[in-house]
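A short write-up of the structure that comes next.
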Ligand code: B1M
């Protein structure tokens, strides 16, 4: 079995130690860091995605896999320039104002990151103003908002309106997610799309960024 396949399997199994060890060995052997990322780490996450979608893997396992990938990425980051890292675009993500739930949002962030997006995570209880300021600062292709409470969903519309008023709306796509949401709600508030889970969020971002 090739070292790339072993690395992909370690990521898939959420084996942090194994992923770190194999990544280190590949680096020591002089393997191209981008090949380690593409053929090992990302290849591992590519096994996870369809299994999660098919209900054959669950949230904790997906989080472990994403963390195993992150262990490998941390070792590789110093070896590659930011410009060399293939990036599908920047996604600004946060849980909206008044809402402290972040488990789902963190999972979405991890999956987006392991899927090749640069993710700027604004955390929880993110005010409308903070989203707008961060949009100016990071110039993202996508803003992702998460809400788990029916009472905080309304903050999503406020944020979209504020982005429009700040003249930023046309330059970015907005996606929303969280247990109480739906595609219908997303349409009502003028978002560009709704994702029911982390994998759907990745696919939606890929589609929107084109
Ligand atoms: Co809260 N809570 N909670 N809670 N909590 C819920 C959401 C609730 C449904 C429980 C219930 O009553 N049955 C209920 C909401 C009711 C409602 O509004 N309809 C509720 C409540 C009422 C509250 C408090 C008000 C309780 C209280 O204090 N009286 C309070 C509110 C605090 C606040 O936010 N201001 C509160 C607090 C908490 C804890 C702090 C204890 C904890 C949060 C810890 C944390 O997140 N760090 C907590 C938890 C854990 C839950 C439940 C049990 C689990 C949520 C979770 O993490 N699910 C939840 C009940 C439930 O959902 N069964 C509940 C796992 C996670 C992986 O799934 O977040 O849905 P989820 O994310 C999914 C998708 O939704 C989607 O992808 C994710 C992965 O597949 N997704 C996105 C999420 N964000 C996305 C963004 C995207 C795309 C997809 O694009 C940007």
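Rule-based calculations on the coordinates, nothing more; no lab input. For clarity, every value in this text was computed on a predicted model and none was experimentally measured. Here the Cβ positions follow ideal geometry from the backbone for every residue, glycine too, while neighbour counts run over all protein chains shown.
Below, the figures for the structure above:
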| read-out | value |
| --- | --- |
| 0 to 90° range, to nearest 10: angle between helix 128-138 axis and the chain longest Cα axis | 50 degrees |
| Base-10 log of normalised Debye intensity for the stretch 90-209 (one unit scatterer per alpha-carbon) at q = 0.15, 0.18, 0.22 Å⁻¹ | -0.54, -0.81, -1.31 |
| Order of 59, 71 - criterion: other Cβ atoms within 10 Å of each residue's Cβ, fewest first | 59, 71 |
| Cα long-axis angle, helix 3-13 against the chain (0 to 90 degrees, to the nearest 10) | 50 degrees |
| Where labels lie 7 Å past Cα in the beta-carbon direction, separation of residue 129 and residue 28 in nm | 5.3 nm |
| Value at 222 nm in deg cm²/dmol, rounded to 500, when DSSP H runs of n ≥ 4 in the chain each add -39,500 (n - 2.57) | -16000 deg cm²/dmol |
| Spin-label model distance (nm) - residue 58 vs residue 74, 7 Å beyond Cα toward Cβ | 2.7 nm |
| Where labels lie 7 Å past Cα in the beta-carbon direction, separation of residue 103 and residue 46 in nm | 3.1 nm |
| C-alpha long axis of helix 59-76 to longest principal axis of the chain, angle in ° | 60 degrees |
| Kirkwood-based shape ratio for the chain, expressed as Rg/Rh from alpha carbons | 1.00 |
| Fully extended contour minus Cα-Cα distance, from residue 164 to residue 137, at 0.36 nm per residue | 8.1 nm |
